[in-house]
Amino acid sequence: MKIISVVGARPNFMKIAPFCRAIERHNAGDGPHVEHLLVHTGQHYDHQMSQTFFDALNIPAPDIHLGVGSGTHAEQVGNTMIAFEKVVMDQKPDWVVVVGDVNATLACSVTAKKQHVKCCHIEAGLRSRDWTMPEEINRLVTDRLSDLLLTPDILSIESLLAEGIEREKIGFVGNIMIDTLEEQRTKAAALKIGDIIGGNLLYERAGLPDVEEERYVVMTLHRPSNVDYREIFTPLVGFLTGDVAADMPLLWPIHPRAKKQLQEFRLWDRVVSTPNLVLMRPIGYHDMLRLNMSARLLLTDSGGLQEECTVLGTPCLTLRWNTERPITLYEHGGASVLVGNNVERIRKEYHKALKKDRNPVRPELWDGQTAGRCLDAILNAS
Ligand code: UD1
C-alpha cells in the first residue's frame, strides 16, 4: 500500500505530524508495510511559516517539494495541480491523503481523482456556509470528491449527510490537531513567556511591557475579510490600540499579509507607537501554545486557534461572522464567541469575555488518538 500525503500551508503541519507518526508506528508492527511519501506544495515557504513547524513537530523532511509559492488562487491551485499530477503519475499511489482546507487540499484532491486515485480528506465536513471564503470552496470540492471523509466531530457528519454524501464514506475520528496539542503541551508549558516575546520581536524596541500570567491578550489576524479592506481594518486597529492595549499587554504575532496591509493603510505608525502592543514575527508551535495556555483572552480569525482555545479553556473572540467549527462555540460548550468585525459588537463581547473563567472542554474523540484512527480507516477502506 502506498500513501501520498500532502501539506502546503502552516495549518496543515500540525495535522500531518501525528499522521506521519501513526504510519511509523504501524510499520514498526507486524501489519502490511505502508509506503508513505510526504509532498509539500510550497504554498507557505518562509522559514517561520513552514520549516519551523517541521523542526518543532519532528515532521520528516518532505520527500517531494513542489515549490509552488505565492500567487493568486488560480495560480496557486493551477501550478500545484500541474506539479502534483506528475508526482501522481510517477508514483502511482493507492491513496492521496489531504488535510484541512487550504489551496493545496483542493488542488491535490482534484488531481488525485482525475488520475483515478482514491482520496482521503482528514478534517472533512466543516462548513461555514460562507461561499465568499476561499477555504469553503476548498472544503466543498474536496469533500465532494473524496472516497473517505474523516470528520473531527458529530456536527460535521450531519453536514455531510445533509449534502447527500454516502454514510459509508464517512468516518468519525476526532480532531487530529489535538493529537499534536496533547503530544506537545508539556514541552510548551516549560517555556517562559518573557523568552517567547524577547525571541520573536518583529523589530528591536525599548521598554517592553510587563507580561504576567493570565494578564495579557494574544491576537492573530490574517483573513482577507479582516485585513484587506481599509474600512474594516482601520477601526479594528483603533479598538486594539485604544481599548485592548489600554487594559493590558496585547501580543500580536503578525501574518505577512496583515503586516503588508498595516503599511498599505498607513496604520503601521499607530501600531508601533502603542507601548502595550507587542508585534512579533509569526511564532512557532510551542510558543503559540504556551501563550495560549495562560492568555486572559484570545482574539483570532484562525480556525485552528478556536479549537485549541476550546481544549485549553481560553476565552476566545473569533473575529468572523461565521465559523466552520461550530463545536468550538460557547453555545456548543466551547470557548469561542463569534464577534465579526464590527467594533461595537467586539467591544461589548470583549468586556463580557474578560469576566469569563478558563474552562477547558473536550469534544468527543478530541483525545489525542485521532491519527491512529485515520490510518485504520484508510487501511480498512482499502
Ligand atoms: C493560507 C490559507 C488559510 C490559512 C492560512 C494560514 C488558503 C486559501 N488559505 O492563507 O486557510 O488560514 O494560510 O496562514 O489556502 N506569504 C509570505 N510567506 C509565506 C506565505 C505567504 O510572505 O510563507 C505572503 C505572500 O505575500 C502571500 C500572502 O502571504 O501572497 C498570502 O499567502 P497565501 O498562502 O496565499 O494565503 P494565506 O493568507 O497565508
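The values are calculated or read from the model by the stated rules, or taken from the named source; none is laboratory data. From a predicted model like this one, the values you see are computed outputs, not experimental measurements. Please note: Cβ atoms are built from the backbone with ideal geometry, for glycine as well, and neighbour counts cover all protein chains shown. Note: accessible area is taken over every heavy atom of the protein model, side chains too, but ligands, DNA and RNA are not part of it. Shrake-Rupley method; radii C 1.70, N 1.55, O 1.52, S 1.80 Å.
Numbers at a glance
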| item | result |
| --- | --- |
| Nearest-10 value in Å² for the accessible area of ARG270, using the 1.4 Å probe | 100 Å² |
| Where GluC sites (Glu not before Pro) fall in DSSP loop in segment 319-368, at most 16 other Cβ within 10 Å | GLU364 |
| Proportion of all alpha-carbon pairs of segment 193-316 beyond 26 Å (%) | 13 percent |
| Helical contribution to [θ] at 222 nm, DSSP H n ≥ 4, -39,500 (n - 2.57), averaged over the chain, rounded to 500 | -13500 deg cm²/dmol |
| Ratio of the Cα radius of gyration of segment 1-93 to 2.2 N^0.38 Å, where N counts its residues | 1.13 |
| Accessible surface of segment 214-302, 1.4 Å probe, proportion on carbon and sulfur as whole % | 48 percent |
| Per residue solvent-accessible surface (Å²) - segment 292-339, probe of 1.4 Å | 21 Å² |
| Highest average packing first - 139-149, 207-217, Cβ atoms within 10 Å | 139-149, 207-217 |
| Among beta bridges that DSSP assigns inside the chain, antiparallel share in %, nearest 5 | 0 percent |
| Cysteines not pairable in the chain (beta carbon separation under 4.7 Å absent) | CYS20, CYS108, CYS119, CYS120, CYS374 |
| Taking all pairs of distinct alpha-carbon atoms in segment 229-382, Kirkwood radius in angstrom | 16.9 Å |
| Cα gyration tensor, segment 174-226 - rounded (a/c under 1.5), prolate or oblate | oblate |
| With all protein chains modelled, accessible area of ARG129 [1.4 Å, Å²] | 150 Å² |
| In Å², nearest 10: area of ILE346 left accessible to a 1.4 Å probe | 0 Å² |
| Prolate/oblate/rounded label for segment 92-139 (Cα gyration tensor, a/c 1.5) | prolate |
| 24 Å Cα-Cα reach of LYS15 towards lysines, excluding residues that sit fewer than 8 places from it in its own chain | LYS2, LYS92, LYS113, LYS118, LYS169, LYS187 |
| Calculated FRET efficiency for the pair LYS355/GLU331, C-beta based, R₀ 22 Å, to 0.05 | 0.80 |
| Convex hull per residue volume in Å³, alpha carbons only, for segment 318-382 | 104 Å³ |
| nm² value of the averaged projected area, convex hull over the Cα atoms of segment 197-261 | 4.9 nm² |
| When the convex hull of its Cα atoms is projected in every direction, mean area for the chain (nm²) | 17.6 nm² |
| DSSP-assigned coil residues among GluC sites (Glu not before Pro) in segment 174-205, each with at most 15 further Cβ atoms within 10 Å | GLU204 |
| Cα-based convex hull, segment 87-198, per residue volume (Å³, whole number) | 157 Å³ |
| Cβ-Cβ FRET estimate between GLN91 and ALA162, R0 fixed at 56 Å, reported to 0.05 | 0.95 |
